[in-house]
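Below is one structure, written out as structure tokens, with a few remarks after it.
No value in this document is a laboratory result; all are computed from the given coordinates. As the structure is a prediction and not an experimental result, all values here were calculated from the model. Cβ placement follows ideal geometry from the backbone for every residue including glycine, while neighbour counts extend to all protein chains displayed.
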Number of protein chains: 2
Amino acid sequence: MADIQAMAHAIRFLAIDSILKAGEGHQGVPLGMAEIAATLYARHLKADPKDPLWPDRDRVVLSNGHGSMLLYALLHLSGHDAVPLDGLKTFRRLGSVCAGHPEIEQEAGVEITTGLLGQGIACAVGMAVAEARLEAEFGPDLVDHRTWAFVGDGCLQEGVGQEAISLAGHLRLGKLTFLWDDNHITDDGDTLLSISEDVPARFRAAGWHVQGVDGHDIAAIDAALEAARADPRPSLVACRTTIARGIPRLEGQRGGHSAPLTPDDRDAAAAVLDWPHPPFAVPEAIRADWAAAMERGQTAHATWQDRHANHWQAAEFARWTEGRLPADWPVRAAELRQAASPAPRGTILASGDACDALGGVLPEMVVLCADLEAPTNHKRGRHAFTAQDRSGSYVHCGVREHLMGAMTCGIAAHGGLRPVNVTYLAFADYERPAMRMAALMGLPGLFVFSHDSIGVGSNGPTHQPVEILASFRAMPNMRVFRPADAIETAEAWQIAMEERHSPSLFALSRQDAPPVRREAGENLSRLGAYVLAEAEGPRALTLLATGTEVALAMDARAALQAEGMPTAVVSMPCWELFCDQDADYRDAVLGTAPRIGVEAAMEFGWSRWLRAGDRFVGMEGFGASDKAETLYRHFGITPERVVEIGRDLATAG
Amino acid sequence: MADIQAMAHAIRFLAIDSILKAGEGHQGVPLGMAEIAATLYARHLKADPKDPLWPDRDRVVLSNGHGSMLLYALLHLSGHDAVPLDGLKTFRRLGSVCAGHPEIEQEAGVEITTGLLGQGIACAVGMAVAEARLEAEFGPDLVDHRTWAFVGDGCLQEGVGQEAISLAGHLRLGKLTFLWDDNHITDDGDTLLSISEDVPARFRAAGWHVQGVDGHDIAAIDAALEAARADPRPSLVACRTTIARGIPRLEGQRGGHSAPLTPDDRDAAAAVLDWPHPPFAVPEAIRADWAAAMERGQTAHATWQDRHANHWQAAEFARWTEGRLPADWPVRAAELRQAASPAPRGTILASGDACDALGGVLPEMVVLCADLEAPTNHKRGRHAFTAQDRSGSYVHCGVREHLMGAMTCGIAAHGGLRPVNVTYLAFADYERPAMRMAALMGLPGLFVFSHDSIGVGSNGPTHQPVEILASFRAMPNMRVFRPADAIETAEAWQIAMEERHSPSLFALSRQDAPPVRREAGENLSRLGAYVLAEAEGPRALTLLATGTEVALAMDARAALQAEGMPTAVVSMPCWELFCDQDADYRDAVLGTAPRIGVEAAMEFGWSRWLRAGDRFVGMEGFGASDKAETLYRHFGITPERVVEIGRDLATAG
């Protein structure tokens, strides 16, 4: 029988030693949750540290990510080769696998970058959805694992955490368990400074299975985890803990969270906990218990491999979990582009067309939408993923955008599915913190947004993004697409689906976008920007435009050419891809003639393409309430205005 | 006795007629909540439509803002001159007071721009905090009013709404009442598609007083509002309603939300509800009931004026509520700047110094912080605003940043207090949707953020903003300050406090910022950017920098000048203010020499100041985990690198 208490102390002292060596860190969580974590690993977790990428492993999420030493100690002790003692000894240093907060490194067992508080548990909801959807597709012989999340008070105060509780209960995600570090302490001190609600009652109101235990009582924890596994509802295990348990000076105190540790603290802890071992030393008997604890998972892995070897779906399962496109993808993608509607059509509807057409081609796709099914129109042939029916590929996320963004991260990090996330662009601000994590992790989530400009119309400025394009263009590793018509929209879909290491954002129109390309031909959006219509004659002017303003630029071009001014129109659906092209191509596209940028958004960022003397036609502030046509005229975003400025530039030139 | 049912029908038909005339709109809320609203106005609301700015009026917030016609009908019927019938007839048109969603216009009774779902109730929490704080200061003779919020299902699904529930319960905001339009319908259809939690139980878990009523039963609503007023806890009145009540084709249906109305719908409703009146006509008897209903508020206003006239605090009360600075402000502001620490000091600490020093000067200031009291250090001489003690000027908001941002809007819109909001810059993404509303409304909230760059150090890239400066510089009407040292920080405080029509954002350092200015002198930050150190000799190079990189640029300048390259350093604490200066000043500051921009952030947006051939030293992607000094070296943001590039530019030039 394993000595789980000793296993827990090994976590404690590896955390203390690593934090002492780093000179800073957050000891509160690893010291407070050591028994919980050791019991989970010793008795319940299904994992094989020798194959951290095994698709049917349990997922562990550290939502209280500042307590990262808990995770690193667990990964080290459970035998992940990629987390050696040297990793712990370089905690919080450049290049160490043991970064300040967990950063996704699945080969080392770090499942996800949880980022700021609350998002980890929201990602965990996404993982649990992924598991349930995959089990429905491939059956429990291939997919049958759980998601465990370590959770702090902060995670449960954050709105995104509350959204996670609500939807997980609604979807009855029975394989999801939250292990709450109920230590009564936040950074400011006693939790009573800012919260007095009955947290278990809040979970029960959302349909969760709720248990309370002494978080240092191993037998009680063990029983609670057993009960959590047996219950068909998602489970909260509220673990009453003492923050920084084991360090007399800090335990139960505000300073327990992250006050600098001293060698004296270590000595005191070693005396209290009877731990006579030198720094970073773990006695062989304890290491042996840890190794034995992992045998359960290794056995499960071996039997899974047997089942998998002869499974009729093994090839398709591999394709999904490895994130490969089907063999006939090039043909399918070409069909997708050729099928793009030649009629004027909101690009959000063109995107819905593409999404629907890909339903059969990429059954691994799962669409999430935040209560805007009708106006975004991406459900169509799909049916809902519900508490009763896990075969659906459309998740009604409710009016919970931040959760939806984090679920997208969780689904993508889980592997096996391709998440697509749909709402209005104005709500991108709600999702932004999660989208930032998708970009930081390099996860291939697709974020589809409709109602991308003042073209929204009479709903008014609160719902009209004018600065949101720029705000995401500023974000590293986020590809921002604003397609001009149905063909560019289909091209963007192809690019996003082929991408493995970046999230993509689509900014799409509610209002009709007249087609600017007549034939699909090759995927020109791959270039980021291209000459849609060359000047007839030596270029006197270049119009740079995106989205619905490309058609407007084409109208202006016709008028300018009629006035004898040879004008080129450059469509720029994705700045980031254009930046990736070589300078010769960029120079050729942009040309040397005077330029006018046209976009129904703020100018911020456009100076990347506009030189002194070039001009911009767009927004100078927030929008207003009225129909799209009226607003475009009101704000001077019209072909006539472009023509007028074009004339000025010609006169000046 | 007023015929409240007829008053409600007047709301209904004004909404129907306005939406029909506009050709679109959301009828679900005004038709479903007509009895609730009419009862509130007829029996409970304290307001005087003839003086919509009366400081002691009850505040009404329409959190389900798409139902804006409910609010406009109420404002019209209750006698707001600024909402005439012509306003209703131009619903959703440019220039109309009746915009698509409510846009702040307090002279017309529109208290706040609620924006996207959930934010309205979070703003309402801010208003209730403002009321309680002001009552503690001035007593109930001057301040004793309530906050009422109309709330939809979406608001309660949003995380920010959940944060609002939690904190309002904790702070026991007894004068806050939510009127929940429990109609079982969201945009996607039945609420059961995305939520199955026990909402009243969730409120009870947070310490609310909860009642359930038939939302069309006027007597029941009246009794519930009476009980809500009597209870010391915040109150939820869960009103079971029928969406689009009165239109047979749509009531209780998904289409009730916003499906296009037809004249037939109006005819059918008129028949069912016995409303034989032509469009936009309200019978005199009903108008008389509405007028009589407002007499209660007018009487209250008159007695308040009597109390106010001779109140010993009347002058100070007027100064607070009118948002005027004290008479000796120029002297105090100069003292503030002169007191700025000459020692190297994190600018977040310099900001804490200023905030603390202003405690006695601007007692109307209230500081909100999201569980980061110690590292942001803005509490100091303040004590907490709590359920028991309303005299405090520091609100422990808990780990609920989005709520905090919306509360800042609510406090500023309420009037009487100056809200200051404090957390880490990485969390600005959580607050962003509320900050956007502050910018759109032109409210003078101050958003103070610490940990503004990779200087955060070992907490790693999740906590290191690299794109967030740019994302807010892209936002209209948001002033983004990144001060270089304590003096510039004090200058920014002065500017922010003097500003009445824009929010301000401070991006401040955790790490020490060496002083770059020796003497306070005049407030140079007002210029947005200025020559901190002119070149000794004809300018060969101009370094443009912000924040902690200004000192770095000064070090580079010293080295470059030693190498015979006369170099100027321009500090740019606020781009927006610099853009407001005339072109001659800007040209003089920027000069014609080659330029290097230096900022520990992404380059996006810097092309506004950098021409072809100019260079940028900053970040090219996300950060990493290690100490600040190591990271600056790792990412090449060093004086040495600036010097090297400066040499290149000189050779090329």
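Overview of values
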{"item": "Cα shape, the stretch A:525-652, gyration tensor, a/c 1.5 rule", "result": "oblate"}
{"item": "The stretch A:4-304, relative contact order in percent, only Cα pairs under 8 angstrom and at least six apart counted", "result": "24 percent"}
{"item": "Rounded to the nearest 20 debye, dipole of the stretch B:1-136 from Cβ charges on Lys, Arg, Asp, Glu", "result": "280 debye"}
{"item": "Selected from B:G95, B:M565, B:A205, residue furthest toward positive end of dipole (chain B; charges at beta carbon)", "result": "B:M565"}
{"item": "Convex hull volume per residue in cubic angstrom - Cα atoms of chain B", "result": "156 Å³"}
{"item": "Percent RCO, i.e. relative contact order, over the stretch A:400-522, from Cα pairs under 8 Å lying at least 6 residues apart", "result": "28 percent"}
{"item": "From the C-alpha gyration tensor of the stretch A:288-388, square roots of 5λ in Å", "result": "39, 19, 11"}
{"item": "0 to 90° range, to nearest 10: angle between helix B:329-338 axis and chain B longest Cα axis", "result": "40 degrees"}
{"item": "Dipole magnitude of the protein assembly as shown about its Cα centre (Cβ charges: Lys, Arg +1; Asp, Glu -1), debye to nearest 20", "result": "360 debye"}
{"item": "Sorted by Cβ density within 10 Å, fewest first, the residues B:W54, A:W493", "result": "B:W54, A:W493"}
{"item": "Using θ = phi - 60° and Karplus 6.51 cos²θ - 1.76 cosθ + 1.60, couplings along the stretch B:438-447 (whole Hz; Gly, Pro as x)", "result": "4, 5, 5, 7, x, 8, x, x, 10, 10"}
{"item": "Average beta carbon contacts from partner chains per residue of B:149-161, 10 Å cutoff", "result": "5"}
{"item": "Dimensions in Å of the stretch B:89-220 - Rg and Dmax from alpha carbons", "result": "16.4, 48"}
{"item": "Length released on extending from B:E536 to B:Q388, taking residue separation times 0.36 nm less the Cα-Cα span", "result": "47.2 nm"}
{"item": "Order of B:H501, A:H209 - criterion: other Cβ atoms within 10 Å of each residue's Cβ, fewest first", "result": "B:H501, A:H209"}
{"item": "Column: log10 I(q)/I(0), Debye, Cα scatterers of the protein assembly as shown, q = 0.07, 0.09 Å⁻¹", "result": "-0.71, -1.22"}
{"item": "Pseudo-label separations to other copies for A:P140 - Cα-to-Cβ vector, 7 Å, nm", "result": "6.2"}
{"item": "Shape box of the stretch A:53-162 [Cα atoms, principal axes, largest first, Å]", "result": "43, 34, 19"}
{"item": "Per-selection Kirkwood Rh - the stretch A:329-513 (Cα, Å, 1 d.p.)", "result": "16.1 Å"}
{"item": "Degrees between helix B:401-414 axis and first principal axis of chain B (Cα, 0 to 90, nearest 10)", "result": "70 degrees"}
{"item": "Rounded tilt (10° steps) of A:639-652 against the dominant C-alpha axis of chain A", "result": "70 degrees"}
{"item": "Computed Kirkwood radius, in angstrom, where 1/r is averaged over Cα pairs of the stretch B:1-72", "result": "13.0 Å"}
{"item": "Mean-position separation - Cα centroids, the stretch A:281-327 and the stretch A:375-398, in angstrom", "result": "30 Å"}
{"item": "Proxy reagent accessibility, fewest Cβ within 10 Å first, across B:L368, B:L440, B:L20", "result": "B:L20, B:L440, B:L368"}
{"item": "Set of lysines with alpha-carbon distance to A:K175 below 16 Å, sequence-local pairs under 8 removed", "result": "A:K46"}
{"item": "Percentage of interatomic Cα-Cα distances in the stretch A:48-94 larger than 11 Å", "result": "70 percent"}
{"item": "Per the axis that maps chain B onto chain A, nearest residue of B (Cβ criterion) and its distance in Å", "result": "B:G159, 1"}
{"item": "Spin-label zone in the stretch A:59-75 - amide nitrogen under 15 Å from a point set 7 Å from the Cα of A:Q106 along the C-beta vector", "result": "A:59-61"}
{"item": "Computed E for A:A268/A:D190 - FRET, C-beta separation, R0 22 angstrom, nearest 0.05", "result": "0.40"}
{"item": "Paired Rg and Dmax values of the stretch B:361-444, which use every Cα atom, in angstrom", "result": "12.3, 34"}
{"item": "The stretch A:4-304: C-alpha gyration tensor shape, a/c 1.5 cut-off, then a/b vs b/c", "result": "oblate"}
{"item": "Interchain or long-range residues, amide H under 5 Å from B:V110's placed H", "result": "B:E105"}
{"item": "Positive-end residue of A:H145, A:W329, A:L31, charge dipole of the protein assembly as shown with Cβ unit charges", "result": "A:W329"}
{"item": "Whichever lysines have a C-alpha closer than 17 Å to that of B:K627, once near sequence neighbours (fewer than 8 apart) are set aside", "result": "A:K21, A:K89"}
{"item": "Kirkwood Rh (inverse of mean 1/r, distinct Cα pairs), the stretch B:406-512, angstrom", "result": "13.9 Å"}
{"item": "Inter-chain Cβ neighbour average for residues A:86-97, partner chain, 10 Å", "result": "3"}
{"item": "Relative contact order (percent, whole number), chain B, Cα cutoff 8 Å, 6+ residue spacing", "result": "12 percent"}
